[in-house]
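**Q** Below: one structure in structure tokens.
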There are 2 protein chains.
Amino acid sequence: MGYRENPRPGGRSARVQAAVHQSVRDMLATMDRADITIPLIAQRANVTPSTIYRRWGDLQELLADVAASRLRPEGDPAKIGSPREDLEAWAEQYADEMASGVGRQMLRDILSAADVANAEKCSGYTQQQLAVFITRAKERGEPFPALTELMDHVISPIIYRILFDQAPGPDYVRKLIAKVMSKER
Amino acid sequence: MGYRENPRPGGRSARVQAAVHQSVRDMLATMDRADITIPLIAQRANVTPSTIYRRWGDLQELLADVAASRLRPEGDPAKIGSPREDLEAWAEQYADEMASGVGRQMLRDILSAADVANAEKCSGYTQQQLAVFITRAKERGEPFPALTELMDHVISPIIYRILFDQAPGPDYVRKLIAKVMSKER
DNA sequence: TCACTAAGGCAAATTATTTGCTTTTGTACG
DNA sequence: CGTACAAAAGCAAATAATTTGCCTTAGTGA
């Protein structure tokens, strides 16, 4: 009795998934995190609690699933100027989103689930986005930091601060990028 | 009705806390994370469940509390050679501990609690340890990276990898340190 | 169209959580 | 010392969440 990762669109399973995800998003926006329960979600989604339990296991897994799907990027990062400028703009927005109340909560949800899959997925999204900048720079024949550099020295510090400390400011992000770029000459 | 952060030693409150913490540690070592419940912990600690609920609120808070107290360093990092060598040895052990099954789980527990206090505490411990290397270097008149540098470019990448990806190898840590030190000339 | 199967609904049984009230125990003060 | 006070623990009833067995529904493919 395994549930499909990606249910066929239009089927009943997909409708249930959509309704449940939507309920969770609504509830996260309107009520306190601690008051969200599976029976409540089920009621709002017009679904039986046991359906949710069987499909997701527990609240943490469900929240992690919803969070990961919300973190999936819509498309390629905007192209406004040089790869470096593009990266700066993107990274600032990324930091803002993650540092916001909702973003922080999504990160937490993803990390607290027993299943690591969603965390990996989320990190994968980020790497995909970063890869775009690298490709653009290569096309223009410009030097650019490698993916590892960007993950280790731009993304990681931002996320660490958000998780353990407090929000990174906007010029903090720019400093990180400046440092990582300065080694590329 | 507030509970003291640090109950007076020897009192009943302290005994209960110790018994509960011990039960949690035992259970974490012997059974699957998902099977640990508050009633079980209470039983093993010879305590009523309601005591735990009133004191910690829920399982996540309790686990976060236990994890944070396990992460408190025993003393100053070992002094084996130059500050850099000391840092390398310490960071490698740090990475190993955090990347182990237990370490990972502790990180998760700390981050999934609603209360941020434990996460901050944990980050504070790390910073205290790092400050020791900086002081030692200063005493010897040697150049050494600032605390922010170390947090951003050594600790953050290690933790990010552990949380989102997979364990960082031993030479990965050394590379991070080499990079951070190379900018100090 | 029909049979098959994955997934959802229902309801009873089990477990966990909350809460009001009582009891214990450490502490401060006379 | 002993007594009063308050913080924290115990107990048990009430409530809420979770699990599970069995049945029904709705997509899928022959």
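**Q** Taking the Cα centre of the protein assembly as shown as the origin, how large is its charge dipole in debye, to the nearest 20, when only Lys and Arg (+1) and Asp and Glu (-1) carry charge on their Cβ atoms?
**A** Here the size comes out at about 400 debye.
**Q** Compute the label-point distances linking A:P7 to its equivalents in the other copies; points lie 7 Å from Cα along Cα→Cβ; give nm, one decimal, shortest first.
**A** 4.7
**Q** What do you get for GluC sites (Glu not before Pro) in segment B:1-75 restricted to DSSP loop and a cutoff of at most 15 other Cβ within 10 Å of the site's Cβ?
**A** Sites meeting the loop and neighbour criteria: B:E5, B:E74.
**Q** Per DSSP helix of 4 or more residues, -39500 (n - 2.57); summed, then divided by the residues of the protein assembly as shown. What does that give at 222 nm, rounded to the nearest 500?
**A** -21000 deg cm²/dmol
**Q** Also: Rank B:Y53, B:M181, B:Y94 by how far each Cα sits towards the positive end of the charge dipole of segment B:50-185 (+1 on Lys, Arg Cβ; -1 on Asp, Glu Cβ) and give me just the farthest.
**A** Ranked along the dipole, the leading option is B:M181.
**Q** Would you mind working out the accessible area per residue for chain B, using a 1.4 Å probe, and quoting it in Å²?
**A** Here the per-residue accessible area is 51 Å².
**Q** Classify chain B as rounded, prolate or oblate from the Cα gyration tensor: take a ≥ b ≥ c as the square roots of its eigenvalues, call it rounded if a/c is under 1.5, otherwise prolate when a/b beats b/c and oblate if not.
**A** Prolate is the answer for chain B, as a/c is 1.5 or above and a/b outweighs b/c.
**Q** Next question. Name the nearest-to-axis residue of chain A, judged by Cβ distance to the rotation axis taking chain A onto chain B, and quote that distance in whole Å.
**A** Residue plus distance in Å, as requested: A:S112, 1.
**Q** Moving on. Multiplying the sequence separation of A:Q43 and A:S100 by 0.36 nm and subtracting their Cα-Cα distance, what value in nm do you get?
**A** 17.7 nm
**Q** Can I ask one more? Which residues does a label at B:T135 reach in segment B:76-109, if reach means a backbone N under 11 Å from a point 7 Å past the Cα toward the Cβ?
**A** Output list for this probe position: B:76-77.
**Q** Sort out for me the Cα centre separation of segment B:136-185 from segment A:68-96, rounded to whole Å.
**A** First find each Cα centre; the distance between them is then 27 Å.
**Q** Could I ask something else about it? Name the helices (complete DSSP H segments) of chain A with a Cα length along the long axis of 15 Å or more and a Kyte-Doolittle mean of at least -0.5, or state none.
**A** Those that clear 15 Å and a mean of -0.5 are A:12-30, A:59-71, A:101-112, A:170-182.
**Q** Work out the mean other chain Cβ neighbour count within 10 Å for the residues of A:114-127 and drop it here as an integer.
**A** 2
**Q** What FRET efficiency, computed as 1/(1 + (r/R0)^6) with R0 = 41 Å and r the Cβ-Cβ distance, is obtained for B:Y53 and A:K79, rounded to the nearest 0.05?
**A** 0.15
**Q** Once you order the gyration tensor axes a ≥ b ≥ c over the Cα atoms, which shape class does the protein assembly as shown get: rounded for a/c under 1.5, otherwise prolate or oblate by comparing a/b with b/c?
**A** oblate
**Q** Using DSSP to call loops (not H, G, I, E or B), can you name the trypsin sites (Lys or Arg not before Pro) in segment B:77-126 whose Cβ has at most 15 other Cβ atoms within 10 angstrom?
**A** Sparse-neighbourhood loop trypsin sites (Lys or Arg not before Pro): B:K79.
**Q** Looking at the square roots a ≥ b ≥ c of the eigenvalues of the Cα gyration tensor of segment A:115-185, which shape do they give, rounded for a/c under 1.5, prolate if a/b is larger than b/c, or oblate?
**A** Because a/c hits 1.5 or more and a/b fails to exceed b/c, segment A:115-185 counts as oblate.
**Q** In addition: Over chain B, what is the relative contact order in percent, taking alpha-carbon pairs closer than 8 angstrom and at least six residues apart?
**A** Once divided by the residue count of chain B, the mean separation gives 19 percent.
**Q** Of B:K121/B:K175; B:K121/B:K179; A:K79/A:K175; A:K183/B:K79, which sit over 25 Å apart, Cα to Cα?
**A** Result: B:K121/B:K175; B:K121/B:K179; A:K183/B:K79 exceed 25 Å.
**Q** Nearest 20 debye, what's the magnitude of the dipole of segment A:53-140 about its Cα centre given +1 on Lys and Arg Cβ and -1 on Asp and Glu Cβ?
**A** 180 debye
The values are calculated or read from the model by the stated rules, or taken from the named source; none is laboratory data. Predicted model only: the values in this text are computed from it and were never measured. Please note: Cβ atoms are built from the backbone with ideal geometry, for glycine as well, and neighbour counts cover all protein chains shown. These area figures cover heavy atoms from the full protein model, side chains too; ligands, DNA and RNA do not enter into them. Shrake-Rupley method; radii C 1.70, N 1.55, O 1.52, S 1.80 Å.
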